[in-house]
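The values are calculated or read from the model by the stated rules, or taken from the named source; none is laboratory data. Since the model is a prediction, treat every value here as computed from it, not as a measurement. Methodologically, a virtual Cβ is constructed for each residue, glycine included, from the backbone with ideal geometry; neighbour enumeration extends over all protein chains shown. For the accessible areas, the whole protein counts, side chains as well, though only heavy atoms, and no ligand, DNA or RNA atoms are used. Shrake-Rupley method; radii C 1.70, N 1.55, O 1.52, S 1.80 Å.
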Amino acid sequence: MFKVYGDYRSGNCYKVKLMLHLLGKEYQWIAIDILKGETQSEAFLAKNPNGKIPVLELEDGTCLWESNAILNYLADGSEFLPSEPRLRTQVLQWQFFEQYSHEPYVAVARFIQLYQGMPEARLEEHARCLKLGYKALKVMEKQLERTSYLVGEQYSIADIALYAYTHVAGEGGFSLEDFPAVRAWIERVASHPRHVTMLG
Ligand SMILES: N[C@@H](CCC(=O)N[C@@H](CS)C(=O)NCC(=O)O)C(=O)O
């Protein structure tokens, strides 16, 4: 059985949980408290030398880290990862976009607001996250005006990667009012029969 080291409120960890539910795979969830520094213990660093969750531990003890890499491992051979090279590259394109142009702003704004309660020292950074996060949301809106999912008409791990923090963007101070295609996509993703919510 897979072991997942994670925090239920983390979007990066939720990606792994959602994927496992969509695939109907069993797993054991091991709760890690980042605020208590549990990702920096010697035992945890042996699993991920970068000291971050999520980590997926395979039955043979191999530990995989980086949420989007884990999604690629789990989705291999399934309907959630196209095998055709152009489509597969487009999946990766959205996942790299998520890590470089979306998560650093949408997730960090949420961390500052939800986990830290908007400390004075981070207000300026929060405002910058909102500005750059909205830019990323506009990129998604443009794509989702044209296609039902980020890569055409098929629900893929590109959607899982971006759904994780987009659907809780409000917790970071974003409004999705001006993003009707993104809102419709959020409902589409959540309507999958094997969908599981972040805290569910
Ligand atoms: N790029 C990584 C980011 C992982 C990440 O930032 N994890 C956060 C929780 S969402 C974490 O473990 N923070 C604790 C720390 O940095 O010590 C991924 O996608 O897995």
Self-check item: Nonlocal amide H pairs with Phe2, under 5 Å, H built at 1.01 Å
Solution: Gln28
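Quote the charge dipole size of the chain about the Cα centre in Debye, to the nearest 20; the model charges only the Cβ of Lys and Arg (+1) and of Asp and Glu (-1).
On the way: 21 positive and 25 negative charges, 62 e Å.
My answer is approximately 300 debye.
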Quiz prompt | Accessible area of the chain divided out per residue, in Å², using a probe of 1.4 angstrom | solution = 50
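How large a share of the accessible area of region 5-71, in percent, is made up of carbon and sulfur atoms when the probe is 1.4 Å and the other protein chains stay in place?
On the way: 1580 of 3180 Å².
Accessible surface attributable to carbon and sulfur in region 5-71 totals 50 percent.
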Quiz item: Once label points are set 7 Å from the Cα along Cα→Cβ at both Met198 and Lys142, what is their separation, rounded to one decimal in nm?
Solution: 2.7
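Got a number for carbon plus sulfur as a percent of region 148-200's accessible area, 1.4 Å probe? Mind showing how you got there, number by number?
Working: 1090 of 2170 Å².
Carbon with sulfur: 50 percent of the solvent-accessible area.
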Exercise. Name the residues whose placed amide hydrogens come within less than 5 Å of the amide hydrogen of Val55, ignoring near sequence neighbours (fewer than 5 apart) on the same chain.
Key: Tyr5
Exercise. Can you bin region 22-153 into rounded, prolate or oblate? Criterion: square roots of the alpha carbon gyration tensor eigenvalues sorted a ≥ b ≥ c, rounded for a/c under 1.5, prolate for a/b above b/c, oblate for the rest.
Key: oblate
Quiz item: What does the convex hull of the Cα atoms come to per residue for region 85-190, in Å³?
Solution: 85
Quiz prompt | Helix-derived mean residue ellipticity, 222 nm - over the chain, DSSP H n ≥ 4, -39500 (n - 2.57), to 500 | solution = -14000 deg cm²/dmol
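Sort 150-159, 173-182, 79-88, 99-108 for me by packing, meaning the mean count of neighbouring Cβ atoms within 10 Å per residue, highest on top. Display every interim value, and only then the final one.
Numbers: 150-159: 21.2, 173-182: 15.3, 79-88: 13.4, 99-108: 19.6.
The densest-packed peptide leads the list: 150-159, 99-108, 173-182, 79-88.
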Quiz item: In the P(r) worked out for region 2-75, what percent of Cα pairs fall beyond 17 Å?
Solution: 35
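Quick one: compute the contact order of the chain, relative version, from alpha carbon pairs under 8 angstrom and 6+ residues apart, as a percent. Provide the component values of the computation, followed by the final result.
Numbers: 263 pairs, mean separation 48.8, N = 200.
The normalised contact order for the chain reaches 24 percent.
Cross-chain or 8 or more residues apart, Cα under 13 Å: how many lysine pairs in the chain fit that? Count them up, please.
Pairs that pass both the separation and distance tests number 5.
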Self-check item: Dipole of region 2-75 [Lys/Arg +1, Asp/Glu -1 at C-beta], most positive-end residue of Ala31, Ala43, His21
Solution: His21
